[in-house]
Amino acid sequence: MWDNQANDFGDGTISKLFNALPAGVSVANPVFSKNSPNIVAFDYTFDDGLIEEHSIFAANIETGKMNRIASNDREGFPSFSTNDDQIAYSSVNSFNMQVVKAMKLKSDKITPVGEAGVLVPDAKWPVYFAKGNRTLGLAPIANFT
């Protein structure tokens with residue numbers, strides 16, 4: 001990955017989010033926040049054959065702090081909003097229909113605020129996108145031959 005501070009590629013080191021997970025625990029679908037390289041959200045599943053629980057968690061990988069964003073009935077495939085003030089995830093409503101819910105976040109980007117609400121009915125696998133203009137500092141070059 002590119003290291004902005006060094007203005008060069010990183011050393012290629014890959015590390016685990018967790019070194020050892022207890023039996024029956026699974027972590028999946030990690031996603032970094034849009035604006036903070038130290039903030040990550042992920043699906044957490046516990047399944048011991050009798051009990052199955054799903055949750056969305058967010059963590060600050062620099063401080064080690066972690067919070068449950070929401071309990072869920074399935075993997076949620078979390079996605080941070082473009083301003084990192086919400087996390088959207090797949091879930092179901094009271095009629096057992098697929099929906100995308102969203103949870104507001106405090107400024108630390110890992111603490112939920114209030115209750116999750118339905119963001120998009122009859123949908124799943126959320127991904128936030130932004131529309132705008134970026135100044136790249138380079139003139140566009142095209143050569144069609």
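The values are calculated or read from the model by the stated rules, or taken from the named source; none is laboratory data. Given the structure is predicted, the values throughout are model-derived calculations rather than measurements. Glycine gets a Cβ as well: all are built from the backbone with ideal geometry, and neighbour counts include every protein chain shown. Just the protein is used for accessible areas: all its heavy atoms, side chains included, with ligands, DNA and RNA removed. Shrake-Rupley method; radii C 1.70, N 1.55, O 1.52, S 1.80 Å.
The strands (runs of 3 or more DSSP E) found entirely in region 10-103 that carry 1 or more residues being open to solvent by 70 Å² or more (accessible area, probe 1.4 Å) and of a type in the set (Ser, Thr, Tyr) are 66-72.
Hey, does region 133-141 have a residue that's of a type in the set (A, V, I, L, M), touching a residue at least 60 places away in the same chain (Cβ under 8 Å) and farther than 13 Å from Ser81 by Cβ? Scanning region 133-141 turns up no residue that is of a type in the set (A, V, I, L, M), touching a residue at least 60 places away in the same chain (Cβ under 8 Å) and farther than 13 Å from Ser81 by Cβ. Among residues of region 78-95 that are under 20 Å from Tyr44 (Cβ atoms), those with a Cβ under 8 angstrom from a residue that is open to solvent by 10 Å² or more (accessible area, probe 1.4 Å) and of a type in the set (Asp, Glu), sequence gap 6+ or separate chain, pair up as Ser90/Glu75; Ser91/Asp73; Val92/Asp73. Scanning region 25-76 for residues that are closer than 19 Å to Glu115 by Cβ and among the aliphatic types (A, V, I, L, M) gives Ala41, Ile56, Ala58, Ile69, Ala70. Scanning region 103-119 for residues that are touching a residue at least 24 places away in the same chain (Cβ under 8 Å) and farther than 17 Å from Val27 by Cα yields Met103, Leu105, Asp108, Lys109, Thr111, Pro112, Ala116, Val118, Leu119.
Scanning region 104-125 for residues that are loosely packed, with under 13 Cβ neighbours inside 10 Å and assigned to a loop (DSSP other than H, G, I, E, B) returns Lys106, Ser107, Asp122.
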